[in-house]
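Reading through the structure tokens given below for one structure.
The values are calculated or read from the model by the stated rules, or taken from the named source; none is laboratory data. Note that the structure is a prediction, hence the values are computed from the model and not measured. Neighbour counts are summed over all protein chains in view; Cβ atoms, including those assigned to glycine, are modelled from backbone coordinates with ideal geometry.
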Amino acid sequence: MAQPILENKKAHFDYQILETFEAGISLTGQEVKSIMTGKANMAGAFVLVRPRSAELINFQIQPYQPLNKGANFKEDRPRKLLLHKDQINYLMGKAKEGGLAIIPLTIYKKKSKIKLAIGLARHKNKRDKRETIKKRETQREIKRVTG
């Protein structure tokens, strides 16, 4: 995977990622420019899988030029994800299982395309989150002591 443009920072803290997939996103030119400049927000975004299609919901992209955004520009419109048919069917089957969610992880550039890494995830409970915090703190302590 290439250098990430935008990351969902809460995804690895709130969810246990079981599998990851790479998907293309259907974007307009202005949206691509906004993402490349970091004017996007993944907080609260999720993937909705339907028969023969997948959409990214609640992904907000601010206009690249706010005064020149156009009449039909919507910051949080559903964006179509470009996945293979077998991947969509697999994700649809997994989404029907209890306790699993499909969330966006990172947005990155691959060659000249904008790609999205999505993850099949299970929500962590409070105890698991505390363990994550504890591991992070010990790693920070070890790094501080060793240099």
* **Enumeration of residues in the stretch 15-36 that are assigned to a loop (DSSP other than H, G, I, E, B) and modelled with pLDDT under 90** => Leu27, Thr28
* Asked: Going by the structure shown, is Gln16 touching a Phe, Trp or Tyr at 6+ places or on another chain (Cβ under 6 Å) and either closer than 18 Å to Ala101 by Cβ or touching a residue at least 24 places away in the same chain (Cβ under 8 Å) (or both)?
  -> no
* Of everything in the stretch 75-101 that's basic (Lys, Arg) and within 19 Å of Leu6 (Cβ to Cβ), which residue is modelled with the highest pLDDT? -> Lys80
* **Residue selected from the stretch 108-138 under the condition under 18 Å from Asp14 (Cβ atoms) and of a type in the set (Val, Ile, Thr), by the criterion surrounded by the fewest Cβ atoms within 10 Å (Cβ to Cβ)** => Ile133
* **Candidates Glu131, Glu75, filtered to the one that is over 14 Å from the mean Cα position of the chain (by Cα) and assigned to a helix (DSSP H, G or I)** => Glu131
